[in-house]
1. Please list, in order along segment 8-21, the HN-Hα scalar couplings obtained from phi with the Karplus expression 6.51 cos²θ - 1.76 cosθ + 1.60 (θ = phi - 60°), rounded to whole Hz, x for Gly and Pro.
2. Provide TYR13, TYR51 ordered by accessible surface of protein heavy atoms (probe 1.4 Å), highest first.
3. Between TRP75 and TYR51, what FRET efficiency comes out of the Förster formula 1/(1 + (r/R0)^6) with R0 = 25 Å and r the beta carbon distance, rounded to 0.05?
4. Leaving ligands, DNA and RNA out of it, work out the accessible area of LYS68 with a 1.4 Å probe and give it in Å² to the nearest 10.
Amino acid sequence: MPILHNRVTKATYTELLDKVRSKLAGWQRKHLSFAGGVTLIKPVITTIPNYSMQTSLLPCSVVEGIEKIARGFLWGDSSNQRKIHHVG
């Protein structure tokens, strides 16, 4: 948890987004079914920012960034190719 002396911005919580990305990098999406991906994402990825959210309000852009990373993993996006998300 960063010690805050200035205004809270998205850059303040880049470590949180990096932690989510690193957690997903170790998982093999191609070996999971859709339901398996949802089951994996819900309890693991959504609990990473809990401690930060208990002590301060996260900017909406950080929360949306975490959701975007999770959606990309769920639908099979990679760094060089973005796939279609069939459900909004």
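The values are calculated or read from the model by the stated rules, or taken from the named source; none is laboratory data. Since we're looking at a predicted model, the values are computed, not measured. Glycine also receives a Cβ, built like all others from the backbone with ideal geometry; neighbour counts cover every protein chain displayed. Accessible surface areas use protein heavy atoms only, side chains included; no ligands, DNA or RNA. Shrake-Rupley method; radii C 1.70, N 1.55, O 1.52, S 1.80 Å.
1. 7, 10, 5, 5, 5, 10, 5, 5, 5, 5, 5, 5, 5, 4
2. Details: TYR13 5, TYR51 140 Å².
Sorted by accessible area, descending: TYR51, TYR13.
3. Details: r = 28 Å, r/R0 = 1.11.
Efficiency for this residue pair is about 0.35.
4. 140 Å²
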